[in-house]
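Only the coordinates and a few stated rules stand behind these numbers; no lab work does. Values in this document were obtained by computation on a predicted structure and should not be read as measured data. So basically every Cβ, Gly included, is an ideal-geometry build from the backbone, and we count neighbours across all protein chains shown.
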Amino acid sequence: MNGMVPPVLSISHLNVYYGESLALREINMAINPKHVTALIGPSGCGKSTFLRCLNRMNDTIKSARVEGEILFDGQDIYEPETDLAQLRQRIGMVFQKPNPFPKSIYDNVAFGPRVTGMHMKKGELDQLVEECLVRAALWDDVGDMLYDDAMNLSLGQQQRLCIARVLAVQPEVILMDEPASALDPIATEAIEELIATLKKDYTIVIVTHNMQQAGRVSDYTGLFWLGELVEFSPTAQMFTNPKEQISEDYITGRMG
């Protein structure tokens with residue numbers, strides 16, 4: 001743990017089933033505030049399943065069943081009375097493929113504040129849209145074309161727009177599921193620079209298939225293997241002196 005600051009998310013004895021199939025087994029992890037936590041491991045090892053547990057996106061899969069405890073600011077998010085809309089506002093998500101709405105750039109960013117009832121005057125909303133686009137490193141590209149169709153942006157710009165859209169509802173945690181895997185190297189670099197900037201104000205959890213990316217952007221790294229969390233360490237330790245043989249074999253390319 002980082003000094004005496006409590007973790008923003010505490011995961012204890014987490015098991016996830018799809019029907020009878022066990023997808024995650026006994027996951028225990030603490031996610032520290034205003035740090036980047038990367039989740040690595042081969043395809044199908046449970047990284048994205050775990051990420052979706054953190055804001056209950058797995059609830060949308062009928063066969064999914066979750067056991068264990070996930071505390072967010074000390075409250076168990078799987079309690080029956082949890083307000084899912086509020087939870088997903090506080091723990092936002094950016095997906096693998098950019099998914100802007102077929103609306104203007106402005107309306108994409110303003111969408112969340114409008115539907116979540118953040119009552120704002122037009123000038124306040126204008127200011128929020130601008131702030132979020134600035135924070136997402138997109139304002140310089142689109143500041144003079146806010147009412148153009150968001151679908152005309154490049155893929156990299158669309159992904160940054162999706163990040164701006166998440167920022168607009170003022171989350172505390174941002175989940176990113178392979179946010180750069182559909183992007184070219186230049187757009188990927190822009191997303192990585194953005195993550196480094198955002199962690200000053202947000203807790204970020206990122207799933208990535210790219211170990212070099214995990215090494216560049218994260219403070220902590222968790223290696224998933226066949227549904228288990230094999231190791232969870234500070235990133236520098238994971239990549240230079242891992243505790244587990246599987247971690248070493250995976251990172252050096254001998255397995256995976």
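Temperature 25 °C, viscosity 0.890 mPa s: under these conditions the Stokes-Einstein estimate for segment 104-256, based on its Kirkwood radius over C-alpha pairs, is 144 µm² per second. Each label point was placed 7 Å from the Cα along the Cα-to-Cβ direction; for Arg114 and Asn241 their separation is 5.4 nm. With contacts taken as Cα pairs under 8 Å and at least 6 residues apart, the chain reaches a relative contact order of 27 percent.
For segment 194-256, compute Rg over Rh where Rg is the Cα radius of gyration and Rh is the Kirkwood radius from the inverse mean 1/r over Cα pairs.
Result: Rg/Rh = 0.98.
Judged by the ratio a/c of the largest to the smallest principal axis of the C-alpha gyration tensor, segment 48-106 counts as prolate, that ratio being 1.5 or greater while a/b is larger than b/c.
Remark: the Ser154-Gln86 segment gains 21.4 nm on full extension, using 0.36 nm per residue and subtracting the alpha carbon distance. Residues within the reach of a label modelled at Val5 (point 7 angstrom out along Cα to beta-carbon, backbone nitrogen below 16 Å), restricted to segment 71-87, are 73-74.
What FRET efficiency do you get for Ile186 and Gln212 if R0 is 25 Å and r is their Cβ-Cβ distance, rounded to the nearest 0.05?
0.95
What whole-number distance in Å separates the alpha-carbon centres of segment 50-70 and segment 135-189? If you average the Cα positions of each part, the centres end up 26 Å apart. With the alpha-carbon atoms of segment 23-67 aligned to their principal axes, the span from lowest to highest coordinate is 32, 22, 17 Å, starting with the largest.
Note on Gln170 and Tyr147: with the Förster distance fixed at 25 Å, the Cβ-Cβ geometry gives a FRET efficiency of about 0.60. Per-residue 3J(HN,Hα) values for segment 72-85, derived from phi via the Karplus relation 6.51 cos²θ - 1.76 cosθ + 1.60 with θ = phi - 60°, read 10, 6, x, 10, 6, 5, 8, 4, x, 7, 4, 7, 5, 4 Hz in sequence order (x marks Gly and Pro). Summarising the overall dimensions of segment 99-156 from its C-alpha atoms, the Rg and Dmax are 11.1, 31 angstrom.
By the scheme Lys and Arg +1, Asp and Glu -1, what is the net charge of all other residues having a beta-carbon under 14 Å from that of Ala187?
So the surrounding residues net to -4.
In the chain, the convex hull through the Cα atoms has an average projected area of 14.2 nm², a quarter of its surface area.
Listed by chain and number, the lysines whose alpha-carbon sits under 28 Å from that of Lys199, ignoring those within fewer than 8 places in the same chain, are Lys34, Lys47, Lys97, Lys243. In this simple spin-label model, placing a label point 7 Å from the Cα along the Cα-to-Cβ direction at both Glu20 and Ile61 gives a separation of 1.8 nm. In this entry, segment 1-152 is assigned a mean projected area of 11.7 nm², taken as a quarter of its C-alpha convex hull surface.
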